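Asker: Quick one: this structure, given as structure tokens, is what I'll be asking you about.
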Protein chains: 10
Amino acid sequence: MLFQVQMDVRLPHDMPAERADALKKTERERAQDLQRAGTWRHLWRVAGRYANVSVFDVASVDELHQILSTLPLFPYMQIAVTALCRHPSSIHDDDR
Amino acid sequence: MLFQVQMDVRLPHDMPAERADALKKTERERAQDLQRAGTWRHLWRVAGRYANVSVFDVASVDELHQILSTLPLFPYMQIAVTALCRHPSSIHDDDR
Amino acid sequence: MLFQVQMDVRLPHDMPAERADALKKTERERAQDLQRAGTWRHLWRVAGRYANVSVFDVASVDELHQILSTLPLFPYMQIAVTALCRHPSSIHDDDR
Amino acid sequence: MLFQVQMDVRLPHDMPAERADALKKTERERAQDLQRAGTWRHLWRVAGRYANVSVFDVASVDELHQILSTLPLFPYMQIAVTALCRHPSSIHDDDR
Amino acid sequence: MLFQVQMDVRLPHDMPAERADALKKTERERAQDLQRAGTWRHLWRVAGRYANVSVFDVASVDELHQILSTLPLFPYMQIAVTALCRHPSSIHDDDR
Amino acid sequence: MLFQVQMDVRLPHDMPAERADALKKTERERAQDLQRAGTWRHLWRVAGRYANVSVFDVASVDELHQILSTLPLFPYMQIAVTALCRHPSSIHDDDR
Amino acid sequence: MLFQVQMDVRLPHDMPAERADALKKTERERAQDLQRAGTWRHLWRVAGRYANVSVFDVASVDELHQILSTLPLFPYMQIAVTALCRHPSSIHDDDR
Amino acid sequence: MLFQVQMDVRLPHDMPAERADALKKTERERAQDLQRAGTWRHLWRVAGRYANVSVFDVASVDELHQILSTLPLFPYMQIAVTALCRHPSSIHDDDR
Amino acid sequence: MLFQVQMDVRLPHDMPAERADALKKTERERAQDLQRAGTWRHLWRVAGRYANVSVFDVASVDELHQILSTLPLFPYMQIAVTALCRHPSSIHDDDR
Amino acid sequence: MLFQVQMDVRLPHDMPAERADALKKTERERAQDLQRAGTWRHLWRVAGRYANVSVFDVASVDELHQILSTLPLFPYMQIAVTALCRHPSSIHDDDR
């Protein structure tokens with residue numbers, strides 16, 4: 001089941017650089033684990049913003065929320081979730 | 001080069017059904033040709049709306065506009081374009 | 001799987017009354033069938049607007065879209081979909 | 001009398017973790033008391049956000065405000081209230 | 001129980017004048033009946049717009065919706081409803 | 001001359017409780033003086049928000065601004081002002 | 001008493017040219033009468049839009065509404081009204 | 001003097017094709033005349049929309065409005081105007 | 001050349017009173033100098049907000065920006081600029 | 001390939017002046033290097049705001065993002081990116 005998720009990140013200006021780097025490092029590791037697991041299906045950078053557009057492939061909405069809400073950067077994110085489904089004109093086998 | 005494109009379609013209520021069906025048919029054929037060509041990379045339906053979220057893989061912005069503006073349903077669409085680029089945490093080889 | 005769906009209905013002013021009544025009648029029958037099936041879990045009227053707030057219990061996003069997009073009043077609706085999941089503080093057994 | 005209430009929570013980034021946990025604990029206890037009392041009828045988590053969609057069953061608007069404004073997390077919430085009433089197509093006996 | 005209701009009216013430009021006048025006449029009569037009944041408590045014109053700000057005193061949300069949705073001009077209105085309750089600093093006995 | 005004024009209050013999270021209470025106390029006294037003077041005609045709490053909807057009866061716009069801008073909580077308020085006038089359908093003698 | 005009024009005009013595309021010209025002519029005459037009376041104090045065109053920014057000097061809000069709502073183009077206008085008062089730094093004697 | 005102008009065009013769906021083509025033709029000729037005159041300095045198409053972003057070089061705001069308001073497509077345009085001035089970091093001699 | 005400028009001021013809550021007063025004093029002096037020079041043509045207070053609506057008469061956009069960006073309160077302002085030009089129905093000689 | 005980029009800058013009020021000046025200095029140098037390289041094609045100041053409208057000429061979206069995200073002021077910017085392409089009515093040879 002696919003969900004498009006847009007994440008805009010705003011780190012506090014007064015956050016120490018080390019803290020920010022550590023957060024970004026664990027965020028990166030988590031994101032790559034989830035990509036390897038096939039859950040975080042697509043991850044693109046939005047040009048010109050500290051933001052990404054992603055597509056998640058999850059078994060349930062609960063799983064989606066569990067993933068998003070435990071991302072290290074979650075407290076600093078503005079998130080929009082759009083439920084996707086198969087388009088009648090899609091020829092992609094796996095674009096469920 | 002990847003662009004996310006969201007298309008919301010509003011057909012006039014008084015459009016004859018045959019005309020609407022003809023438009024949708026040609027739209028569908030065009031979309032499938034472009035998908036086969038690899039240009040229309042992803043095409044998902046937004047749940048609950050006559051809208052889609054798509055990702056286009058084009059050589060230039062001009063090509064993107066040429067494709068979108070000649071879609072049969074273009075005159076009836078509200079379109080939002082977001083320029084995407086490779087995310088530093090992406091592990092997908094081909095998510096340029 | 002639960003989705004909150006808000007539907008605002010705008011019928012064209014020049015739609016003949018009989019046509020509008022017929023649409024509403026079939027809409028009503030469909031809504032009641034879906035409620036009996038347990039799919040359309042909650043249906044409330046928004047005070048002061050020709051709109052409703054509903055909660056759907058579906059097996060997939062595709063099923064949700066199939067239901068919404070085939071509602072007789074769908075072409076005249078502005079729809080917002082919010083994916084819901086179980087709240088950690090919820091005591092309701094069945095509020096998956 | 002039913003009201004839909006959407007609550008988006010934004011805790012200050014510099015709030016000590018213990019303080020935040022304590023607030024969440026009392027919030028949770030209050031929410032569960034109110035659910036047991038039948039007042040907080042539905043409580044769902046919005047996927048991807050520190051937010052919930054709830055339905056309250058209260059005897060008056062004053063009661064609704066009294067409940068919401070004394071929630072431990074109230075000072076950190078963005079709240080939207082929608083007055084609901086029975087939908088003419090609803091088959092649920094108790095969806096007053 | 002008090003609700004603030006803001007009503008913005010947009011009549012179709014091509015509506016025959018007689019039809020518009022008839023609608024306004026019955027709207028006016030209904031509004032005055034409801035004011036005499038104490039239900040439509042306050043009715044003010046918003047300066048510069050074909051809109052009003054009103055306060056309704058009703059026994060239930062259902063009653064509020066029944067009143068608003070059967071106003072002759074309802075199909076041509078954009079309506080916003082705000083649930084009001086007694087302000088702790090209010091000295092007005094009857095501003096429940 | 002009547003003005004509808006909506007006031008949304010946001011006190012800084014790090015404001016000491018005593019300071020906040022003192023501000024609220026003087027705000028309350030000022031509001032009650034103005035109500036006794038007939039200037040602050042209506043004062044209702046918006047359900048679910050630290051906000052009020054009020055109606056002021058003033059001799060001039062300058063007087064309105066003088067009152068609002070010297071309220072103790074003014075620096076912490078988001079204020080919207082709507083100029084009201086007598087509605088042609090109003091039966092209330094004094095709803096100038 | 002001064003009010004800033006912004007008026008955006010949208011004439012229906014299918015309005016016959018003569019009708020539109022007649023409306024504009026009477027609108028122009030009314031605007032010039034009101035300017036000569038000192039009521040319509042300032043009238044500027046917003047560059048790039050069929051819109052104006054005006055300042056009205058009226059004795060009451062009722063008078064303001066009576067003027068605006070009887071403008072020939074009123075049914076085709078989107079109007080925003082802002083109540084103005086003397087600025088403490090103003091040196092203009094007559095900018096009440 | 002430079003102004004950025006964004007123009008979004010919405011032609012009525014029921015406008016005869018010949019009429020639309022004629023409008024576009026004269027619009028095109030006017031735009032090219034103005035470009036040759038150096039007034040319409042930049043003209044770019046917004047990818048995915050029947051819209052353009054332009055920069056006009058004019059002697060006065062009146063001249064800007066006169067140009068825009070007499071464009072053949074003006075009645076079908078949503079226009080936003082942004083006044084530009086020289087940026088302190090600009091190295092372009094002629095980017096007044 | 002006339003520009004309408006709306007300035008909404010938000011001073012940080014933790015700014016020392018003396019600093020705020022000093023800023024306001026110099027702002028006031030600057031505003032009065034500019035008014036005497038005829039540049040700051042109109043200055044009105046928006047009722048109910050720490051905001052003003054002004055009209056500037058400048059020789060160029062650069063001059064306008066130079067004035068606004070060097071106002072003492074500029075860093076604490078949300079500013080909207082609207083380019084104005086002579087209205088065809090204006091009878092004011094000097095409302096260029 | 002051209003992109004319009006609008007950048008609104010908000011520096012924290014409590015940032016030491018030296019730090020702000022240093023940031024602006026490096027930002028200025030970077031901007032001028034990029035202009036000399038032909039990448040930062042146009043750079044205009046938006047009148048009345050600490051903001052600019054720019055046009056970038058880049059070989060890819062990645063290049064655009066790399067430039068923007070490494071600007072010294074990037075963490076303090078609100079950025080909007082619009083993909084541009086050649087307008088069919090453009091006579092400018094190089095307005096690809």
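Asker: Suppose we consider the axis relating copy C to copy I; can you name the residue of C with the nearest Cβ and state that distance in angstrom as an integer?
Answerer: Nearest Cβ to that rotation axis, in whole Å: C:48, 13.
Asker: What's the average, rounded to a whole number, of partner chain beta-carbon atoms within 10 Å of each residue's beta-carbon in G:70-76?
Answerer: Mean shielding count: 1.
Asker: Between residue F:59 and residue C:8, what's the calculated FRET efficiency when r is the beta-carbon distance and R0 is 30 Å? Round to 0.05.
Answerer: E(calc), rounded to 0.05, equals 0.10.
Asker: In addition: Per DSSP H run of n ≥ 4, the term is -39500 (n - 2.57); total these for the protein assembly as shown, divide by its residue number, and report the mean residue ellipticity at 222 nm rounded to 500 deg cm²/dmol.
Answerer: -10000 deg cm²/dmol
Asker: Calculate one ³J(HN,Hα) per residue across the stretch G:86-91 by plugging θ = phi - 60° into the Karplus curve 6.51 cos²θ - 1.76 cosθ + 1.60, and present them in order as whole Hz with x for glycine and proline.
Answerer: 4, 8, x, 9, 6, 9
Asker: Spelling out what I want: for every residue of the stretch H:4-16, take phi, set θ = phi - 60°, compute 6.51 cos²θ - 1.76 cosθ + 1.60 (Karplus), and round to whole Hz; glycine and proline get x.
Answerer: Result, rounded to whole Hz: 7, 10, 10, 10, 9, 9, 10, 7, x, 4, 8, 6, x.
Asker: Another question about this same structure. Distance between the C-alpha centers of the stretch A:25-96 and the stretch D:1-57? Whole Å please.
Answerer: Cα centres, the stretch A:25-96 to the stretch D:1-57: 25 Å.
Asker: Calculated FRET efficiency, residue C:20 and residue J:18, Cβ-Cβ r, R0 45 Å, to nearest 0.05?
Answerer: FRET efficiency, residue C:20 to residue J:18: 0.05.
Asker: Another one. Hey, got the average number of other protein chain Cβ atoms within 10 angstrom for residues in A:35-45?
Answerer: Across A:35-45, the average partner-chain Cβ count within 10 Å equals 6.
Asker: Shifting gears a bit: How large is ³J(HN,Hα), in whole Hz, for each residue of the stretch C:24-30 in order, when computed from phi with the Karplus curve 6.51 cos²θ - 1.76 cosθ + 1.60 and θ = phi - 60°, using x for Gly and Pro?
Answerer: Taking θ as phi minus 60°, the curve returns 5, 5, 5, 4, 5, 5, 4 Hz for the stretch C:24-30.
Asker: Moving on. Only residues of the stretch J:62-96 count here: report those whose backbone N is under 16 Å from the spot 7 Å along Cα→Cβ of residue B:70, or say none.
Answerer: What the label zone holds, given the 16 Å backbone N cut-off, is J:86-88.
Asker: Counting Lys and Arg as +1 and Asp and Glu as -1, what is the net charge of the other residues whose Cβ lies under 12 Å from the Cβ of residue F:10?
Answerer: Charge balance in the 12 Å sphere: +2.
Asker: Over the alpha-carbon set of the protein assembly as shown, work out the extent along each principal axis and list the three values in angstrom, largest first.
Answerer: 73, 70, 62
Asker: From the alpha carbon gyration tensor of chain D, can you work out the equivalent ellipsoid semi-axes (sqrt of 5 times each eigenvalue) and give them in Å, largest to smallest?
Answerer: 27, 14, 12
Asker: Turning to a different aspect of this structure: Take peptide G:55-65, look around each residue's Cβ out to 10 angstrom, count Cβ atoms belonging to other protein chains, and average those counts.
Answerer: 5
Where a number appears in this text, it was derived from the coordinates with a stated rule and is not lab data. Remember, it's a predicted structure, so these values are computed and weren't measured experimentally. When we count neighbours, we look across all protein chains shown, and the Cβ atoms used for this are built from the backbone with ideal geometry, even at glycine.
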